[in-house]
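Student: Can you keep this structure in mind? I'll have questions shortly.
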Amino acid sequence: DTGVSQNPRHKITKRGQNVTFRCDPISEHNRLYWYRQTLGQGPEFLTYFQNEAQLEKSRLLSDRFSAERPKGSFSTLEIQRTEQGDSAMYLCASSLTGQINYGYTFGSGTRLTVV
Amino acid sequence: KQEVTQIPAALSVPEGENLVLNCSFTDSAIYNLQWFRQDPGKGLTSLLLIQSSQREQTSGRLNASLDKSSGRSTLYIAASQPGDSATYLCAAANNNDMRFGAGTRLTVKP
């Protein structure tokens, strides 16, 4: 297992279209996180899963956004009716939580451009 | 809500100089603090992780310190090199998630 994998790396879509991103975490990690990053800013938390349960969602995650993690493995983030303001880098991270928190491992991100 | 601030926003230094990047956080009830490096258009690479019970961590030319009581962390880079040019992000983690600062954009000039 070489780390957290995200696909696609880049996505250009027309306003109003739906897009879906995929994240494959490190296999033994029980937690998976989604972040959004715009130019010049740090990543902003969107949501996280522990195994298959979605435990927290940020107010940034509007009704047009939905995330799933079936069977507690890979996760998908779908954006419906995309808007130009959705253009950003979408980052996925995973971690193993237990008695010691080993920190987050991030993927390379999916860059979304809405035209 | 945890707020993380990084100073300075940008830093330009000549090659070989030692430098310090600063990070402050408002809620001291953290599990750990993690420093990342981000190259333009890329994802985040973890540099150092400091558990809440630790005071510092070292990796090569990098040293990170943590003072929970004052809500501060510093990243010290010794003998900087042009290859160190990147954005450095600090992030404070609680039980549920991790909050980031806006980063310090570092340029090391040959």
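The values are calculated or read from the model by the stated rules, or taken from the named source; none is laboratory data. What you see is a predicted model; the values in this text were computed from it and never measured. Every residue, glycine among them, receives a Cβ derived from its backbone with ideal geometry; neighbour counts consider all protein chains shown.
Student: Please identify the pairs in which a residue from region B:45-74 that is under 18 Å from B:S28 (Cβ atoms) has its Cβ atom under 9 Å from the Cβ atom of a residue that is of a type in the set (D, E), counting only partners at least 6 apart or on another chain.
Tutor: Hits for this filter: B:I50/B:E56; B:R55/B:D67; B:A64/B:E56; B:S65/B:E56; B:L66/B:E56; B:G71/B:D27; B:S73/B:D67; B:T74/B:D67.
Student: Moving to a separate point now. When you check A:T97 against the structure, is it surrounded by fewer than 16 Cβ atoms within 10 Å (Cβ to Cβ) and within 12 Å of chain B (Cβ to nearest Cβ), yes or no?
Tutor: Criteria met by A:T97.
Student: Here's something else I'd like to know. Regarding B:T87, is this residue touching a residue at least 40 places away in the same chain (Cβ under 8 Å) and away from chain A (no Cβ under 14 Å)?
Tutor: no
Student: Turning to a different aspect of this structure: Among the residues of region B:68-91, which ones are within 17 Å of B:Q57 (Cβ to Cβ) and at pLDDT below 95?
Tutor: B:K68, the sole residue that qualifies.
Student: Select from region B:29-45 the residues that are surrounded by fewer than 16 Cβ atoms within 10 Å (Cβ to Cβ) and either farther than 30 Å from A:H10 by Cβ or not charged (D, E, K, R) (or both) and list them in ascending order.
Tutor: Residues satisfying the conditions are B:A29, B:P40, B:G41, B:T45.
Student: Which of the residues that make up region A:20-45 are in contact (Cβ under 8 Å) with a residue 40 or more places away in the chain, at the interface with chain B (Cβ under 10 Å from one of its Cβ atoms) and either closer than 12 Å to A:L77 by Cα or among the aromatic types (F, W, Y) (or both)?
Tutor: Across region A:20-45, the qualifying residues are A:Y33, A:Y35.
Student: With the checklist (1) surrounded by fewer than 19 Cβ atoms within 10 Å (Cβ to Cβ); (2) away from chain A (no Cβ under 14 Å); (3) under 28 Å from A:R36 (Cβ atoms) in hand, flag the one item B:L75 doesn't pass.
Tutor: Of everything listed in (1) surrounded by fewer than 19 Cβ atoms within 10 Å (Cβ to Cβ); (2) away from chain A (no Cβ under 14 Å); (3) under 28 Å from A:R36 (Cβ atoms), B:L75 misses just condition (1).
Student: Does region B:18-35 include one or more residues that are closer than 26 Å to B:P110 by Cβ, aromatic (F, W, Y) and within 13 Å of another protein chain (Cβ to nearest Cβ)?
Tutor: yes
Student: Within region A:1-44, take every residue that is in a loop (DSSP other than H, G, I, E, B) and aliphatic (A, V, I, L, M) and give me the one that is surrounded by the fewest Cβ atoms within 10 Å (Cβ to Cβ).
Tutor: A:L39
Student: Would you check if there is a residue in region A:2-16 being without any contact (Cβ under 8 Å) to a residue 60 or more places away in the chain and either within 11 Å of another protein chain (Cβ to nearest Cβ) or aliphatic (A, V, I, L, M) (or both)?
Tutor: No, every residue in region A:2-16 fails to be without any contact (Cβ under 8 Å) to a residue 60 or more places away in the chain and either within 11 Å of another protein chain (Cβ to nearest Cβ) or aliphatic (A, V, I, L, M) (or both).
Student: Okay, moving on. Any idea which of B:S12, B:S52, B:S24 is buried (at least 18 other Cβ atoms within 10 Å of the Cβ) and of a type in the set (S, T, Y)?
Tutor: B:S24
Student: Take B:S59 and decide whether it is closer than 28 Å to A:S58 by Cβ and either more than 12 Å from every other protein chain (Cβ to nearest Cβ) or touching a Phe, Trp or Tyr at 6+ places or on another chain (Cβ under 6 Å) (or both).
Tutor: When the stated conditions are applied, B:S59 does not pass them.
Student: Give just the number: which of (1) crowded, with 16+ Cβ neighbours inside 10 Å; (2) touching a residue at least 60 places away in the same chain (Cβ under 8 Å); (3) part of a strand (DSSP E or B); (4) more than 8 Å from chain B (Cβ to nearest Cβ) does A:E78 not satisfy?
Tutor: (1)
Student: Here is a follow-up. Only one of these conditions is not met by A:L61: (1) of a type outside the set (V, I, T); (2) in a strand (DSSP E or B); (3) surrounded by 15 or more Cβ atoms within 10 Å (Cβ to Cβ); (4) within 14 Å of chain B (Cβ to nearest Cβ). Which number is it?
Tutor: (2)
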